[in-house]
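Data block below; observations after.
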Amino acid sequence: MTDLEVSAIQVIDENKVFNSLLVDYMKQFYSQNNSSDDKGLNYHIVSVFGSQSTGKSTLLNHLFHTKFDVMDESQRQQTTKGIWLAHANHISSSNESGDFANNTKNVFVMDVEGTDGRERGEDQDFERKAALFALSTSEILIINIWEHQVGLYQGANLGLLRTVFEVNLSLFAKNKQRCLLLFVIRDHVGNTSLESLSDVLTLDLQNIWSQLNKPQGTEGFELDDFFDLKFVALAHKLLQPDKFIEDISVLGDKFISEDQLFNEGYHRAIPIDGWSMYAEQVWEQIETNQDLDLPTQQILVARFRCDEISSQVYESFHEQFVKSNWDDLSFTEIGNSLKELRQNAVQQYDILAVQKVDLSILEVYTSVLQKLIRQSRDLYLKQIESSLTKKEAGIIFYQVLDNAERESLKYFNENTSLISFVDVDDSEARSYDPSPKLRELEEELSNLRTELVNKEQENIKTKIPRKFKSHFKLIVQDELSNIKPSSWEELLDQFRQVSEKLLAKYKSPDSNYDFHLGLSKEKNKELHEQVLIKFWIKFKEILNDFVTETNVLRLLVSKFEDEFRYDEEGLPVVWKNSAEIDVKFAKARNSALDLLPLFSLAHTAEGEILPDYDIAHDEAEAESDNEEDDGFKESHKFAHLLSARDQDAIRNKFKKQTDALYVETKRSVINSKTE
Ligand code: GDP
Ligand code: MG
């Protein structure tokens, strides 16, 4: 058993130096199960993350039959720091067949040995770099945590995940590299179901994601644009040793199975013979703090590969060449043999030369397409801007977007066909297929569209109600300045008319509303409702602004004065006797005070006015500083404009002012009599 086993290799040592012997380690597996048509891609990289001494190495050793160092319990000795890699010797499985070499997929595992970096600043650097490295190379990241750490932000080492996420965004936002986060929950006692543990972790991750400092241009990405999440639990190794082993083999089954964990989308597509070079490049850039630009990396590796293969061609030619016993051959044989040797070499060489040429071309081609995408997107935005600023009558927003999109895609397609240079039946043409880029552009345009539509929606929700307010305010002021019992009926009527008028251009023949944004019927309905709610809120705002204590008092006094001081013809009254004053005074006062209930409660014959929607909530949001009279809920009701206290205050002030007028008038009549 042990003869077969390959031990682990330290990829990065404790001094952060890359091990140049990795290439030799990997060579052992170049030909293993990598048939010529799998392009050297039949292998997988899995890494493990987690706090120190959480049994990561133990897990890997049981699951993949590797021999990573495990902390010795009796000495509590630290294992050797660094990043370790091992080819899985065997993957545990619940249906063991005795076939030891079942790792036909060539799973490699990486074990990161840090110290607990949370305490020592220097080691955080190592942790971060190790995270970067694992992320740039791995298809699956195992996150190893104790069950009791779930839900404890720090304890669960989710801080490191924050780093992983951030790094991932800056690395992979461009090419949307996906990877699987496989949470392995250790010492699972079983009181809490795996499902609810998963829920807690998922929620934590979503929280971390939402709080990330997202690099510019990546703000809109969601966690699941990059990561798939899976969860497994393992029993306590010491308390339930049998169950632990059983759980491990069930987990192993998932690694063996075709599509349970691995996914083509996770693979970095670096051929296995270029992997150590790729890994070294990645590490070098991490160490020198350069930005990692991975697509170029892949081209670099491929180019390196070409050089290597071309010297291989020469080597195999040379080998054949020196092996031949030229002296013993006939002239014809010499001729044929040379011809054959040369032909073979040249033929192989041609293929390689073309490969090299193709790589350079691909590089240019890719960057030109990238540029074309940028231009097409700019064209899209410019088209929209110019159409919208023209403010043509009857402009339909979504048609503007549709047109711009059509133009942009046309521009892209026309130009890609201009730069295309291979025949469709050329087998290499696949590499130059612009359709993935076209899809990229389409996706980008569709994201922009969503953004624009959302913005326009917000626009509609603020602009139209604002317009409504400025129109309707004048109507309300006019009406209430001469308030009469029918005023509220009148205003309600006007309210509906103004609302209708402002939205008329969005009303379709079937009486539904369509805001020209290409929204569904339901969404349009929702938006319409939101605008109407805003109208009601504006209505209430206008009323609150107008129906104030001072304003109402002023209006009552002026109504009183009109009636008291002027006769029916609008001429100033000339008092004949003091009794006449009393009668007219009482009458004028009563008719002025009769207006107060009209101001206090907005009502029609049917009762108080109730908005068509519940606006209390939205309104409270709009004026959140209005909290001091929380005992007086009435003020939040639409129709209740003056509280009982307000009314008393108005009545008192009104009385004082009119009393003064009364006294003054009386005095003037008496004076004129005595003169
Ligand atoms: P690593 O630092 O995360 O790689 O942890 P190690 O694999 O070196 O293990 C650290 C210690 O935890 C060792 O003493 C192991 O025996 C112990 N250990 C490993 N797996 C488990 C487990 O599932 N449960 C418990 N309770 N202890 C474990
Ligand atoms: Mg370890």
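Values quoted throughout were computed directly from the atomic coordinates according to the rules given, and no laboratory measurement underlies them. In this text the structure is predicted, and so the values were computed from the model without any measurement. A quick note on method: Cβ atoms are made from the backbone with ideal geometry, for glycine too, and the neighbour counts reach across all protein chains shown.
Some notes on this structure:
- From most to least packed by mean Cβ count within 10 Å, the peptides 395-403, 127-135 give 127-135, 395-403.
- Hits among lysines - C-alpha to C-alpha of Lys587 under 19 Å, sequence gap 8 or more where chains match: Lys484, Lys559, Lys576, Lys653, Lys655, Lys656, Lys666
- Derived scalar couplings ³J(HN,Hα) [segment 498-506; Karplus, 6.51 cos²θ - 1.76 cosθ + 1.60; whole Hz; x for Gly, Pro]: 5, 4, 4, 5, 5, 9, 3, 6, 9
- Cβ-derived FRET efficiency at R0 35 Å, Arg374 paired with Asn459, nearest 0.05: 0.85
- Violating pairs (Cα-Cα greater than 20 angstrom) within the set Lys382/Lys410; Lys371/Lys391; Lys391/Lys455; Lys410/Lys523: Lys371/Lys391; Lys410/Lys523
- Contour excess over end-to-end distance, with Cα ends at Asn671 and Thr366 and 0.36 nm allotted per residue: 99.5 nm
- Theoretical gain in end-to-end length, Asp659 to Lys382 [0.36 nm per residue, Cα-Cα removed]: 92.7 nm
- Taking each residue as 0.36 nm, the span from Thr332 to Asp72 lengthens on full extension beyond its C-alpha to C-alpha distance by 86.4 nm.
- Placing a label point 7 Å from the Cα of His236 along the Cα-to-Cβ direction, the residues of segment 50-68 whose backbone N falls under 16 Å of that point are 55.
- Spin-label model, Ala644 to Leu492: label points 7 Å out along the Cα-to-beta-carbon direction sit 2.5 nm apart.
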